[in-house]
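Chemist: Quick one: the structure is below, and I'll ask about it shortly.
The values are calculated or read from the model by the stated rules, or taken from the named source; none is laboratory data. Not measured: the values here are computed from a predicted model. Cβ placement follows ideal geometry from the backbone for every residue including glycine, while neighbour counts extend to all protein chains displayed.
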Amino acid sequence: MRLWIPFAISAGTLLTIASFVGAGWDAPPVAGEQIGYRGTGMAHYRDIETEEALRAANIAPPRPMKPIRAATGPARSMRMFRC
């Protein structure tokens, strides 16, 4: 009849251990913005730390070479095909 006592003790022990182990964990900061009309539930939530890393990774590379200047005088096609 007193079978519930060991279960209660083990459950209490597990909850105590879980509270000590998980006490230092914190959820990452989250930013949200509304992207739709009010009341439609259209919101975008994102992790700020992940977004900063993504923004740092998506930088445009430097230009590989100087742009070619436009030819002066008659157009190139006129010189090539002798129109």
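Chemist: Could you look through the range 8-47, keep only residues that are out of contact with any helix residue (DSSP H, G or I) (no Cβ under 9 Å at 6 or more places or on another chain) and of a type in the set (Val, Ile, Thr), and pick out the one that is modelled with the lowest pLDDT?
Modeler: Val21
Chemist: Right, next: Show the residue pairs meeting these rules: Cβ distance below 8 Å; 6+ apart or different chains; first residue within the range 18-42 and closer than 26 Å to Glu52 by Cα; second residue at pLDDT 80 or above and of a type in the set (Ser, Thr, Tyr).
Modeler: Correct list of pairs: Pro28/Thr50; Val30/Tyr45; Ala31/Tyr45; Gly32/Tyr45.
Chemist: Take the residues in the range 54-83 that are modelled with pLDDT of 85 or more and assigned to a helix (DSSP H, G or I); name whichever of them is surrounded by the most Cβ atoms within 10 Å (Cβ to Cβ).
Modeler: Going through the qualifying residues, I end up with Leu54.
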